[in-house]
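Inspection log for the structure reproduced underneath, given as structure tokens.
The values are calculated or read from the model by the stated rules, or taken from the named source; none is laboratory data. The shown structure was predicted, so the numbers you read here are calculated from the model rather than taken from an experiment. FYI the Cβ positions are ideal-geometry reconstructions off the backbone, even for glycines, and counts take in every protein chain you see.
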Amino acid sequence: MTDEIVDIWVYLSATPLLWLAATFIVFQGAILVHRRLGSNPVLHPVLLAMGALMLILLVTGTSYDTYFEGAQFIHFMLGPATVALAIPLFDHRQAIRRLLLPLIVSGVVGASTAALSAIAVGWAMGADRLTLLSLAPKSVTSPIAMGVTEKLGGLPSLTAALVLITGSLGCILAPPIIRLLRIRDDKVKGFAMGLAAHGFGTAQAFGISATAGAFAGLGLSMAGVITAVILPLLAGGI
Amino acid sequence: MNALSGISLILLCQLAGETFVQLIDLPVPGPVVGMLILLSGLLWRGSVPDSLRLVSDTLLRYLALLFVPAGVGLMVHFELIGRDWLAISMALLISTELAIAVTLLLFNLLLERDKRRSDSHDG
């Protein structure tokens, strides 16, 4: 009996099917756990699923390369998802046209602040060059951030985790900063949250109002495009 | 509804983006250029085809799942993270606060100036 199970395991673990299925199933479980725990942004399903899958791989003695042979089919979809971000951007075209200059100026300044201050603090505290390169695009939505890190020569997997942590941090930090600076305009609140905390900030901004949510989506897309264009050009300096 | 033409269109834009980036040796990710190509096409056409809307809604709704495979790759870099965790935490905390504060103040200032200018035009 145990021999049969071992045989089946040996067979399955050599095909991409096992880890492809495992990723879907674990992610679905992570969503359930996340909901059960009151949808706390600190315990995002992606972070839960990552932790659970790492644990499973370590316990079964499976290498990341073996895992990725199956999981690559999911990973591949990041590219098409990035292209698909054109649709929400198109949906906001009227707001963009009306406020083009304020959006571009605050977008460029805000996105540069996020990237450069992260690099500066990391550098001042003696972080490795690989860490700095992976840290730079952390405010940007994951598919773009990982593409940027890959271009810079950093570690996309580290960036994926840092992006998620930044999103959680942004959701925690934004409300007190908004109160402190006495910002009343929902357009401003939303734009800053989407720009600094990508999809997490956007989801939270929709909780303030539909306007805040729309401008958060705008902040998310603009930060992505601006960072993707500016960072690789600056990267020579790191 | 036919999702096939939506998928083809997205893959075609990504392919065009990757080709463009390779051709002129641009350091920007290919899919980002693909997104800009698709956006220009949509602006020129003036609306989003139903099949494209269907595919993009599906992709973006399950976006979070797509980060998992790369995220699990963290297990290969535990050593680096163990060494740099304090620098990483401080960098994330300070830069996120700064980015939110700077964007709030600047966008608020520019919107108010914009409003005042259009008010004085009206009056």
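Based on what the data block shows, is A:G190 under 18 Å from the mean Cα position of the chain (by Cα) and either over 15 Å from B:L106 (Cα atoms) or surrounded by fewer than 24 Cβ atoms within 10 Å (Cβ to Cβ) (or both)?
Numbers: under 18 Å from the mean Cα position of the chain (by Cα): yes; either over 15 Å from B:L106 (Cα atoms) or surrounded by fewer than 24 Cβ atoms within 10 Å (Cβ to Cβ) (or both): no.
Spelling it out, it is not the case that A:G190 is under 18 Å from the mean Cα position of the chain (by Cα) and either over 15 Å from B:L106 (Cα atoms) or surrounded by fewer than 24 Cβ atoms within 10 Å (Cβ to Cβ) (or both).
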Condition test on B:D119, is it within 20 Å of A:L89 (Cβ to Cβ), more than 7 Å from every other protein chain (Cβ to nearest Cβ) and acidic (D, E)? no
By residue number, the members of segment B:43-62 that are surrounded by fewer than 20 Cβ atoms within 10 Å (Cβ to Cβ) and of a type in the set (A, V, I, L, M, F, W, C) are B:L43, B:W44, B:V48, B:L54, B:L60
Sole miss for A:L152 among (1) closer than 27 Å to B:R61 by Cβ; (2) at pLDDT below 90 is condition (1)
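If you take the residues in segment B:20-46 that are β-branched (V, I, T) and over 13 Å from A:L89 (Cβ atoms), which one is farthest from the other protein chains (Cβ to nearest Cβ)?
Looking at the filtered set, the residue picked out is B:I24.
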Log entry, pairs with first residue in segment B:68-84 being more than 18 Å from A:L132 (Cβ to Cβ), second being not in a helix (DSSP H, G or I), beta carbons closer than 8 Å, six or more apart or on different chains, reads B:G73/A:L155
Result of the Cβ filter at 9 Å on segment A:117-129, keeping first residues that are within 20 Å of A:G153 (Cβ to Cβ) and partners that are among the polar types (S, T, N, Q) and in a helix (DSSP H, G or I), at least 6 apart or interchain, is A:A118/A:T166; A:A118/B:S95; A:A118/B:T96; A:I119/B:S95; A:A120/B:S95; A:G122/A:T131; A:G122/B:S95
Condition set more than 7 Å from chain A (Cβ to nearest Cβ) and not small (G, A, S), scope segment B:3-19, selection farthest from B:V55 (Cα to Cα): answer is B:T19
Looking across segment A:1-45 at residues that are surrounded by fewer than 18 Cβ atoms within 10 Å (Cβ to Cβ), in a helix (DSSP H, G or I) and among the small types (G, A, S), the single one that is modelled with the lowest pLDDT is A:S13
If we keep only residues of segment A:77-117 that are outside any helix (DSSP H, G or I) and either under 21 Å from the mean Cα position of the chain (by Cα) or of a type in the set (K, R) (or both), then the residue surrounded by the most Cβ atoms within 10 Å (Cβ to Cβ) is A:L85
A:L48 meets each of (1) more than 9 Å from every other protein chain (Cβ to nearest Cβ); (2) of a type in the set (A, V, I, L, M, F, W, C); (3) surrounded by fewer than 19 Cβ atoms within 10 Å (Cβ to Cβ) with one exception, condition (3)
Screening A:L173, A:L155 for residues that are farther than 24 Å from B:L66 by Cα, out of contact with any Gly (no Cβ under 6 Å at 6 or more places or on another chain) and assigned by TED's automatic domain parsing to the domain that holds A:A111 leaves only A:L173
